[in-house]
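Presented below is the structure to which this report refers.
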Amino acid sequence: TPDIRPLIAGNWKMHGTAREAAQLAEAVRAGAGAVTARCDLLVCPPFVHIHAASAAIAWQPIAVGAQDCSPHAKGAHTGDVSAPMLVDAGCAYVILGHSERRADHGETDAQVRAKTEAAIAAGLIPVVCVGESEAQRDAGEAESVVAAQLAGSLPDGFAAAKGVVAYEPVWAIGTGRTPTEADIRAMHARMRAEVTGRFGPAGGTTRLLYGGSVKPSNAAAILALPDVDGALVGGASLVAGDFLAIAAAV
Ligand code: PEP
C-alpha cells in the first residue's frame with residue numbers, strides 16, 4: 001500500500017538455544033543495512049531468548065518482539081509473561097493469536113482481544129494473526145471467517161496504536177503451500193475494507209501482512225500484491241540469508 005512502510009517479521013517459534021538466537025540475531029543485524037531503507041525488520045524469539053537476541057541486535061533498526069503475552073499486567077498467573085515485562089526486556093512488538101496458539105492453547109478471539117488490549121496498554125505494537133482452516137476455505141467461508149476473527153480479536157484502540165494484522169491461512173503455515181495470488185489479493189482487500197470500516201482513516205494505514213510458507217522464491221510476487229504490507233515469516237526466518245532475501249524482495 002502506498003504510504004505504508006512494509007514490515008518483514010520473523011516468527012522463530014520454539015527453536016534454538018540462547019547462543020543460536022544471538023547468532024541468528026547477529027546475522028540478521030549484519031545484513032540488515034541492505035534492506036532497512038525500504039522496510040522495518042522484526043524478529044520474534046522465544047521468551048527466554050529475547051534478552052540474548054536484543055543484546056545481539058543492539059541499536060540497529062531491527063525490532064524485537066515476543067510470540068505471546070498475558071492479558072494481565074502482573075499478578076498470580078504462574079508461567080505467564082506480561083506485556084510490561086516484554087517492554088522491559090526490549091520488545092517493541094508482540095505476536096498475538098497465532099494459529100498455533102489458537103490450536104495448542106484454545107485461544108479464542110475474546111482472549112486474543114484481551115491480550116491485544118494489554119499489549120497496547122503497555123506500549124507494544126500487536127501483530128494479530130487471523131486465518132482460515134483448509135476446510136473453511138473449501139467451504140467458501142475464508143473471508144467471512146477472517147472478518148469474524150478481526151471483529152472479535154481487534155480492540156477499539158487497535159489502529160490508533162498502529163496495530164498490525166497478519167493473514168495466515170492455517171493450511172499454508174509450514175506446508176510449502178500458499179493461496180493463489182488472486183486469493184491473497186482478495187483477502188487483503190477484504191481485510192482493508194474491514195479495518196477501514198471499523199477504524200476509519202487509521203485503518204487505511206494498518207499494516208496487513210501475509211504469512212504462510214513465504215520464502216525467497218515467492219516473496220517478490222506476494223509482496224507486490226495490493227494491500228500486502230509485509231510478511232510474517234516462520235521457517236525461513238530461521239536462516240538469516242533467507243529472511244533478508246525476503247526483505248530484499250519488498
Ligand atoms: C508462521 O507460523 O507465522 C509462518 C508463517 O510459518 P511458515 O513461514 O513456516 O509457514
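Here, each number is a calculation from the coordinates, and none is a lab measurement. A quick note: this is a predicted structure, and the numbers were derived from the prediction, not measured. As a convention, Cβ positions derive from the backbone with ideal geometry for all residues, glycine included, and neighbour counts pool all protein chains shown.
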What dipole magnitude, in Debye to the nearest 20, does the stretch 32-112 give about its Cα centre under +1 on Lys/Arg Cβ and -1 on Asp/Glu Cβ?
200 debye
Sorted by Cβ density within 10 Å, fewest first, the residues Asp88, Asp183, Asp68:
Asp88, Asp183, Asp68
Sort 191-197, 31-37 by the packing proxy (mean of other Cβ within 10 Å over each peptide's residues), most packed first.
191-197, 31-37
18 Å Cα-Cα reach of Lys162 towards aspartates and glutamates, excluding residues that sit fewer than 8 places from it in its own chain
Asp3, Asp40, Asp68, Glu117, Glu194, Asp227, Asp229
Taking Met85, Met14, Met187 and counting other beta carbon atoms within 10 angstrom, the fewest-first order is Met14, Met85, Met187
Nonlocal amide H pairs with Val233, under 5 Å, H built at 1.01 Å:
Ala9, Gly10, Asn11
Which percent of Cα pairs goes in each bin when the distances of the chain are cut into 10 angstrom slices starting at zero?
8, 34, 39, 17, 1
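Helix-only estimate, please: 222 nm mean residue ellipticity of the chain, summing -39500 (n - 2.57) across DSSP H runs of length 4 or more and dividing by its residues, to the nearest 500.
-12000 deg cm²/dmol
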Write out the GluC sites (Glu not before Pro) in the stretch 101-173 meeting two conditions: DSSP loop, and at most 15 other Cβ atoms within 10 Å of their Cβ.
Glu141
Which chymotrypsin sites (Phe, Trp or Tyr not before Pro) from the stretch 38-114 combine a DSSP loop assignment with at most 16 other Cβ atoms within 10 Å?
Trp59
Take every Cα pair under 8 Å in the chain that's 6+ residues apart, average their separations, divide by the length, and report that relative contact order as a whole percent.
21 percent
Net dipole in debye of the chain [+1 Lys, Arg Cβ; -1 Asp, Glu Cβ; about Cα centre; nearest 20]
460 debye
Fewest to most Cβ atoms within 10 Å: Ser144, Ser213 sort as Ser144, Ser213
Which of the aspartates and glutamates could a cross-linker bridge to Lys215, judged by Cα under 13 Å and excluding same-chain residues fewer than eight apart?
Asp242
